[in-house]
């Protein structure tokens, strides 16, 4: 791959910082459009699965992979794709990703059967893996250090709103056109952004070190099998041998990746970065609040549609208020982060999210919309409060020429967190709902008990054909679902609160330092000089990342 868009007179390490303000704003517009497309594509098809099932005769497992095939491929290719962008040019990576995404999005409109759609979605995920890190790395390379937090804040705020944008867009399209219109919209959006991206300046790593293909393969497989296990856990159960094997293999491969990377002269990712408090805090916090956000979406969307009775487009509109605090806090982050410090920001944001989950316990089967809005706003405020500062912490910890890899780490934590949130909320919701509703099904015919105990959607479908008895089943099922949702949100609230405490203990404060007792526990032996990444000071490799002197790391 070559970057088609680096001029001979352009410095390859970064976009010229002396460029006009208009050029930087335009880069931000293109970057925000690109990340919105990637995030929106993760959730947009959820509103169309019923129509796709009818049109293609897809089984439930196939419907699952129409959605998750995109997510798994995206997650496992982010780090390699980010490194390729750093090596060969970030604009070239963005354009390649957009082209792949656009072509793959056309396929489902031509071949209306489950297997081609699943394959096309996986290929689209591969394209998205090049798009997402390129958008953020192009943005940070185009701005001076004193401008980056504001730019990253806007990008992060837009990325956080991408899910709602996807729901609104797909709901509106389905109101007027069939399900294929969503894929046409994906293709048209990617083509438009491709044209716009041709006008932005490119950047790449001036060092041009060799790509770490063994590391790319290891981390790709590690993320793929781990995310696969997390996604399949709600359906198979966490103790299923396949799930345990997938999760275990993911952890082992990730450990092998760390072992290999620390010995390589030009690693895909210098794993010692995770020893930096700001980098580790950013990665851990993003994982937690994306787990919270997608776990909340998974359960609450079912509540709004199946309990409150909203249509897909009305559901999307019901969630749209969360965009306001996300965007507001992301834009204001350059003001409050220097005053509060990363530790207080992260702890406050996560505790707000936890409080919002607890607030949902006021919901009833017949609650009005406003009862849902207040916890929604609290949760989105917590997410917005954390989003830009944690993304900035990751990007600021890495040299400019490695911004693609840093962006990929940021994006990978989002994907893993989202998968964990859906899996945790889904597992608890399914188990608790099945247990609660089973005790009330004795009075119903045996053939109806199985479907009614599987999910609220199936229970309501059964209830439609039972007359007066169906009304009783619908009421019981909705009550059981609400109680199960409260149980899943309680577990998530506790996990998030515990994470807030643990991350807060490790995170740096306003002065950039960790707590004194933490510094003492992690103090280095006297007489040994260590650099900022935790290794003995030695010669430079990879654009400023220091390699231990006298080490035996290999190319």
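The values are calculated or read from the model by the stated rules, or taken from the named source; none is laboratory data. The structure presented is a predicted model; accordingly, all values stated were derived computationally and were not measured. Every residue, glycine as well, gets a Cβ built from its backbone with ideal geometry; the counts of neighbours run over all protein chains shown.
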Original post:
In this structure, does residue 217 turn out to be on the phi < 0 side of the Ramachandran plot and in the same structural domain as residue 141 (by the TED database)?
Top reply: no
Original post:
Can you tell me which residues in region 192-201 are surrounded by fewer than 17 Cβ atoms within 10 Å (Cβ to Cβ) and in a helix (DSSP H, G or I)?
Top reply: 192, 195, 196
Original post:
Which numbered condition trips up residue 121, out of (1) surrounded by 24 or more Cβ atoms within 10 Å (Cβ to Cβ); (2) in contact (Cβ under 8 Å) with a residue 40 or more places away in the chain; (3) over 21 Å from residue 229 (Cα atoms)?
Top reply: (3)
Original post:
Where in region 434-523 are there helices (runs of 4 or more DSSP H), lying fully within it, with 2 or more residues that are closer than 27 Å to residue 367 by Cα?
Top reply: 446-454, 456-463, 468-506
Subject >> Candidate set from region 202-239 (those that are out of contact with any helix residue (DSSP H, G or I) (no Cβ under 7 Å at 6 or more places or on another chain) and part of a helix (DSSP H, G or I)); member that is farthest from residue 138 (Cα to Cα) >> reply: 235
Original post:
Applying the selection to region 49-82, what residues are at pLDDT below 90 and either over 23 Å from residue 170 (Cβ atoms) or not in a helix (DSSP H, G or I) (or both)?
Top reply: 57, 58, 59
Subject >> Residues being crowded, with 16+ Cβ neighbours inside 10 Å and farther than 21 Å from residue 436 by Cα - total across region 460-507 >> reply: 10
**OP:** Mind counting the residues in region 161-182 that are without any contact (Cβ under 8 Å) to a residue 60 or more places away in the chain and either in a helix (DSSP H, G or I) or touching a strand residue (DSSP E or B) at 6+ places or on another chain (Cβ under 8 Å) (or both)?
**Re:** 3
**OP:** Could you please give the count of residues in region 24-45 that are closer than 18 Å to residue 116 by Cα and either surrounded by fewer than 19 Cβ atoms within 10 Å (Cβ to Cβ) or not assigned by the TED database to the domain that holds residue 116 (or both)?
**Re:** 0
